[in-house]
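Below: the structure, in structure tokens.
The values are calculated or read from the model by the stated rules, or taken from the named source; none is laboratory data. Keep in mind that what you see is a predicted model, and the values were worked out from it rather than measured. Cβ: placed from backbone, ideal geometry, glycine included. Neighbour counts: every protein chain shown.
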Amino acid sequence: MSAAPSGRVFSLRARVAFNRPVGPGIWRLGIRAPLIARAIRPGQFVNLVCGPPQDPQHPPPFSVFRVDGDVVECLGQVVGRGTTRLSRLKAGDDLDCFGPLGRGFRVPRGRDVHHVMVAGGIGVAPFYALGKIIRSAPGRKALLYGAATPRHLVCLPEFREACLRVETIAVKGGPRKGFVTRLLEAYLERTPGPWQLYACGPTPMLKAVWALALARGIPCQLSLETPMACGMGLCKGCSFPRRGAEGFTLTCREGPVYEAAAIDFDHPAAAGH
């Protein structure tokens, strides 16, 4: 199972501490939200809104990248109107913040495992916070990070601090070319198990990691990127098929983090995500 939600969800007006670009169309936003900062766990998310109250657009969800005191930090990428507005916020601006939402990653206790975090694009966001809470023997904690180009590989000093070992790959350019699953396959071949995988990124990447984990019997937690509208399970827009059982799960409420064995990427309904 994923880690349980912290319980209380806060809806508050937060103030921007900083907002700066870190890559092509990618920004790092810090907001002062002490109640959320104290409650949120790696893999949970927040909804951020800075548009006018009458705007019908649903608030976009963001995994939390880092918590520094009372400041909650998120990584975002411009993909539409809402994220464009957020990218233009300045220190001192206000916005609405709702969270923590969903269920986050669960770190296995009492087992000597090799923790491997697999990230695609902006899906790298939760792995700073996760890397910080994982306690492991030296050399048994790593982040494998893929992006479109080397310029899209962001915040590498921070991730190296939290995850100890970071390997990167880009689809176009750079010394290593390809998808992050190529890194994962090579890493599993040369490092001793047992392993615990954690993955967050685009759906095709998640499906590939899911299939590899199931085929090899490796425990794996996946943070799904299904579209989320309300963030509370009311609209049913983020449903995803379960594995080995009829019915669907609501990603915003029962996820976004799931054990790989609990979900079904082969189900026809999964193709729309």
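Only residues that are surrounded by 16 or more Cβ atoms within 10 Å (Cβ to Cβ) and out of contact with any Cys (no Cβ under 7 Å at 6 or more places or on another chain) were counted in region 87-118, giving 15.
The number of residues in region 201-260 being closer than 21 Å to Phe98 by Cβ, modelled with pLDDT under 75 and either more than 13 Å from the chain's Cα centre (by Cα) or among the hydroxyl-bearing types (Ser, Thr, Tyr) (or both) comes to 13.
Tyr128 meets each of the listed conditions (1) assigned to a strand (DSSP E or B); (2) of a type outside the set (S, T, N, Q); (3) closer than 30 Å to Gly193 by Cα apart from (1). Among the candidates Pro100, Pro108, the residue that is under 20 Å from the mean Cα position of the chain (by Cα), over 24 Å from Ala148 (Cβ atoms) and not in a strand (DSSP E or B) is uniquely Pro108. Does region 137-150 contain at least one residue that is outside any strand (DSSP E or B) and over 30 Å from Pro175 (Cβ atoms)? Looking for residues that are outside any strand (DSSP E or B) and over 30 Å from Pro175 (Cβ atoms), one finds none in region 137-150, hence no.
All of (1) closer than 19 Å to Leu188 by Cβ; (2) modelled with pLDDT of 95 or more hold for Tyr128 with one exception: (1). The set of residues in region 189-207 that are farther than 24 Å from Ala129 by Cβ and surrounded by 14 or more Cβ atoms within 10 Å (Cβ to Cβ) contains only Lys207. For region 119-142, the set of residues classified as under 13 Å from Phe65 (Cβ atoms) and either among the hydrophobic types (A, V, I, L, M, F, W, C) or surrounded by 16 or more Cβ atoms within 10 Å (Cβ to Cβ) (or both) consists of Ala119, Ile122, Gly123, Val124, Ala125, Pro126, Phe127, Tyr128, Ala129, Leu130, Gly131, listed by residue number. Within the span defined as region 69-92, one or more residues are touching a residue at least 60 places away in the same chain (Cβ under 8 Å), more than 13 Å from Val49 (Cβ to Cβ) and assigned to a strand (DSSP E or B).
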